[in-house]
1. To the nearest 10 square angstrom, what accessible area does residue 250 show with a 1.4 Å probe?
2. Please give the helix 209-218 orientation as an angle from the longest Cα principal axis of the chain, in degrees from 0 to 90, rounded to the nearest 10.
3. Not counting ligands, DNA or RNA, and with a 1.4 Å probe, what is residue 10's accessible surface area in Å² rounded to the nearest 10?
4. Return one number: the angle in degrees, 0 to 90 and rounded to the nearest 10, between the long axis of the Cα atoms of helix 35-51 and the longest principal axis of the Cα atoms of the chain.
5. Could you point to the label whose value was computed as mean projected area of the Cα convex hull in nm² for the structure here, given (1) 17.9; (2) 20.3; (3) 23.1?
6. What is the P(r) of the stretch 12-66, as percent of Cα-Cα pairs per 10 Å bin from 0?
7. Positive end of the dipole of the chain, charges at C-beta (+1 Lys, Arg; -1 Asp, Glu), about the Cα centre: which of 204, 53, 216 has its Cα farthest in that direction?
8. Rounded to whole Hz and in sequence order, give me ³J(HN,Hα) for the stretch 9-22 from the Karplus expression 6.51 cos²θ - 1.76 cosθ + 1.60, θ = phi - 60°, writing x for Gly and Pro.
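The values are calculated or read from the model by the stated rules, or taken from the named source; none is laboratory data. It should be emphasised that the depicted structure is a prediction, and the values quoted were computed from it without experimental measurement. With ideal geometry, Cβ positions are generated from the backbone for all residues, glycine too; neighbour counts draw on all protein chains shown. Surface areas here come from the heavy atoms of the whole protein model, side chains and all, with no ligands, DNA or RNA. Shrake-Rupley method; radii C 1.70, N 1.55, O 1.52, S 1.80 Å.
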Amino acid sequence: MIVGQDRAVEQFATAWAARKLHHAWLLAGPKGVGKASFAHAAARRVLAEAAGPPFDLSGFDSPDDHPMVRLIEAGSHPDMRWLERLTNEKTGNLARNISVDQVRGLGELFDLSPAMSDWRVAVIDTVDELEASGANALLKMLEEPPPNSLFFLVSHAPGRLLPTIRSRCRRLDFPKLDDDAMTSILVHHAPALSATERQRIISMSFGSAGRAFAFAELGLAKLEESALAILRQGDPTNARRSDLASELGKKGAADRYAAFLDLAPSLIAREARRLDGSSREWALDAYAKARELAAIAPRLSLDPAATVFQIGGILASVTLPGT
């Protein structure tokens, strides 16, 4: 069930019910608001309903015990591919990009006749992470799509995509989730949280269920407190950012490091809203710098400790310009 994105669900469900589908759907919005979950649910519905046996569920739902759904959940449906960054077997780290070879591998899906029904589905999560040659390879597929093919392109930053890719997609926007949707999601997925804990996590998550899950599972409240201390009190001796860098640069801290990269720019943006004049200008400049560094650090495999230290300096500059 997709919570809080009723408009996107309705638009796709209506198009599918009428079998008047655009072949490529750009799922655009911030991280953690349900874009990948939407793509997964849409693929389940399309492939299950197209192949049968029929079922009596409205909207976007599909039964978990449907044979097509079981194949999808097992990752073995012959008419579906899910592209994402691969894990390096030697280092255990994610690759910087989705490679051109992965994109070209979709040819195996679209060059052959569908196996289970008339439809085939490819999800790219995220299309932002395609290397340049991979984006060009995808563009060729979008220009000449096979019949009854569906592409779901998940994007956190659609403005950075090739205009020619954007122009060949129907765009569905996924806004930040409101507090009611966040509460419903956390009650379902993290029932052990108290009402007080749940509300605190919602206030820190800026409408992102993905970020809320990270707070709940990784215990990130203390991490936010450390970042806010630097943001609001500065760090003239470098001690606070050094401690933070040491903590997040350790082996086994990859998930907390990734969450910090997501959190830091959002904290600066929230702080900017309560400032005015030159202070707000400093904060907005710091936000742009932190967002850019947080985006490129994983792609370039920058050292986590050094990256956290640098972002700590950006946080400190909001309170003490020039830090």
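1. Rounded to the nearest 10, the figure is 130 Å².
2. Taking the Cα atoms of the chain, the angle to 209-218 is about 60 degrees.
3. Residue 10 exposes around 120 Å² with every protein chain in place.
4. Its long axis makes an angle of about 10 degrees.
5. (1)
6. Answer for the stretch 12-66: a P(r) of 21, 54, 23, 2 percent.
7. 204
8. So the J values, rounded to whole Hz, are 4, 5, 4, 6, 4, 5, 5, 5, 4, 8, 6, 10, 9, 5.
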